[in-house]
Amino acid sequence: MDINGVSAIVTGGASGIGEASARQLAARGAHVVVADLQDDKGNEVAKEIGGAFAHVDVTNSDDVIAAIELAKDMGPLRVLVNSAGIGWAGRVIGRDGTYESAHNLDLFRKVIEINLVGTFNCIRLAATAMSVTEPLADGERGAIVNMASVAAFEGQIGQDAYSASKGGVVGMTLPIARDLSVVGIRVNTVAPGLINTPIYGEGEASEEFKANLEKGVLFPKRLGTSEELASMVLELVTNSYVNAQTVRVDGGIKMQPK
């Protein structure tokens with residue numbers, strides 16, 4: 001699919017994989033709406049790539065619709081990249097055997113709400129707008145790329161909420177792709193491995209944590225970059241014969257229990 005002149009929405013587009021995806025889409029001629037909660041950073045990225053910024057909570061339908069309408073003003077909406085997400089680590093039970101020390105249920109719900117429900121919310125609304133655009137060759141109207149994680153398949157101890165949310169994204173990729181095929185919208189998912197993004201935090205403890213993680217990478221022995229992930233996002237957007245797939249980009253890692 002030729003994306004020159006089309007509009008694209010990238011959630012989580014102010015940083016990490018979302019930012020890299022927004023930049024690569026813009027470099028190919030797309031008009032990109034950077035949809036994020038980080039106003040300053042989002043506006044900065046949007047200005048640098050000649051796009052627009054929208055303050056978006058992916059669980060808020062009004063926010064998502066406003067971003068879609070903004071994108072439609074810039075060109076036909078044909079691309080959605082769902083990169084907004086949060087991480088949380090916590091054990092299922094505490095050490096003292098009390099109910100109060102069990103995993104915080106509200107935090108579990110929050111991760112699911114943002115990573116899974118938020119992703120679906122953006123899909124259902126953006127796909128609605130795409131469905132009434134003029135079809136391209138082969139009847140194609142648009143492409144959606146979701147962000148999952150290898151934690152969907154090999155979640156580590158403490159990743160219960162995160163793995164559940166990303167497993168849900170993987171699980172809904174095929175049925176949504178089947179559903180939207182009737183209007184010419186493709187749906188794929190990327191499952192990143194260990195990528196050097198802000199999700200790991202900053203500081204000495206963060207660097208030690210990342211150094212330990214990269215030991216399990218088959219090759220190359222390092223964390224991946226946002227640009228390497230964005231390259232796959234761009235391929236899934238532009239390659240019209242890739243549909244209903246979840247693609248791992250992970251250096252061959254198989255995550256260990258901890």
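The values are calculated or read from the model by the stated rules, or taken from the named source; none is laboratory data. Since the structure is predicted, the reported quantities are computational estimates derived from the model, not experimental observations. Cβ: placed from backbone, ideal geometry, glycine included. Neighbour counts: every protein chain shown.
Can ALA137 be described as surrounded by fewer than 22 Cβ atoms within 10 Å (Cβ to Cβ), closer than 27 Å to ALA244 by Cα and at pLDDT below 95? So ALA137 fits the description; yes. Being closer than 14 Å to VAL233 by Cβ and touching a strand residue (DSSP E or B) at 6+ places or on another chain (Cβ under 8 Å), is that true of even one residue in region 33-51? There is no residue in region 33-51 that is closer than 14 Å to VAL233 by Cβ and touching a strand residue (DSSP E or B) at 6+ places or on another chain (Cβ under 8 Å).
Those helices (runs of 4 or more DSSP H) of region 146-258 in which 2 or more residues are farther than 30 Å from PRO76 by Cβ and hydrophobic (A, V, I, L, M, F, W, C) occupy 151-154, 160-180, 204-213. Being of a type outside the set (D, E, K, R), farther than 17 Å from GLY142 by Cβ and either surrounded by 17 or more Cβ atoms within 10 Å (Cβ to Cβ) or touching an Asp or Glu at 6+ places or on another chain (Cβ under 9 Å) (or both) holds for only one residue in VAL6, VAL56, and it is VAL56.
When GLY90 is tested against (1) farther than 30 Å from MET232 by Cα; (2) surrounded by fewer than 16 Cβ atoms within 10 Å (Cβ to Cβ); (3) modelled with pLDDT under 95, only condition (2) is not met.
Could you check PRO175 against (1) in contact (Cβ under 8 Å) with a residue 40 or more places away in the chain; (2) out of contact with any Ser or Thr (no Cβ under 7 Å at 6 or more places or on another chain) and say which number it fails? Among (1) in contact (Cβ under 8 Å) with a residue 40 or more places away in the chain; (2) out of contact with any Ser or Thr (no Cβ under 7 Å at 6 or more places or on another chain), the lone unmet condition for PRO175 is (1). Candidates are the residues of region 200-236 that are among the aliphatic types (A, V, I, L, M), more than 29 Å from GLY142 (Cα to Cα) and surrounded by 13 or more Cβ atoms within 10 Å (Cβ to Cβ); the one that is modelled with the lowest pLDDT is LEU213.
Tell me yes or no: at least one residue of region 98-108 is crowded, with 16+ Cβ neighbours inside 10 Å and assigned to a helix (DSSP H, G or I). Yes - at least one qualifying residue is present in region 98-108. Based on this model, can you work out whether ALA84 counts as outside any loop (DSSP other than H, G, I, E, B), under 18 Å from ILE144 (Cα atoms) and aliphatic (A, V, I, L, M)? Answer is no for this residue. Give the residue, chosen from ILE176, ILE195, that is in contact with a strand residue (DSSP E or B) (Cβ under 6 Å, 6 or more places away or on another chain), buried (at least 16 other Cβ atoms within 10 Å of the Cβ) and at pLDDT 95 or above. ILE176 is the lone residue from the list that is in contact with a strand residue (DSSP E or B) (Cβ under 6 Å, 6 or more places away or on another chain), buried (at least 16 other Cβ atoms within 10 Å of the Cβ) and at pLDDT 95 or above.
If you go through region 11-33 and pick out every residue that is in contact with a Phe, Trp or Tyr (Cβ under 9 Å, 6 or more places away or on another chain) and under 24 Å from LEU223 (Cβ atoms), you end up with 2. Could we say that GLY18 is assigned to a helix (DSSP H, G or I), buried (at least 19 other Cβ atoms within 10 Å of the Cβ) and more than 13 Å from the chain's Cα centre (by Cα) here? In short, no.
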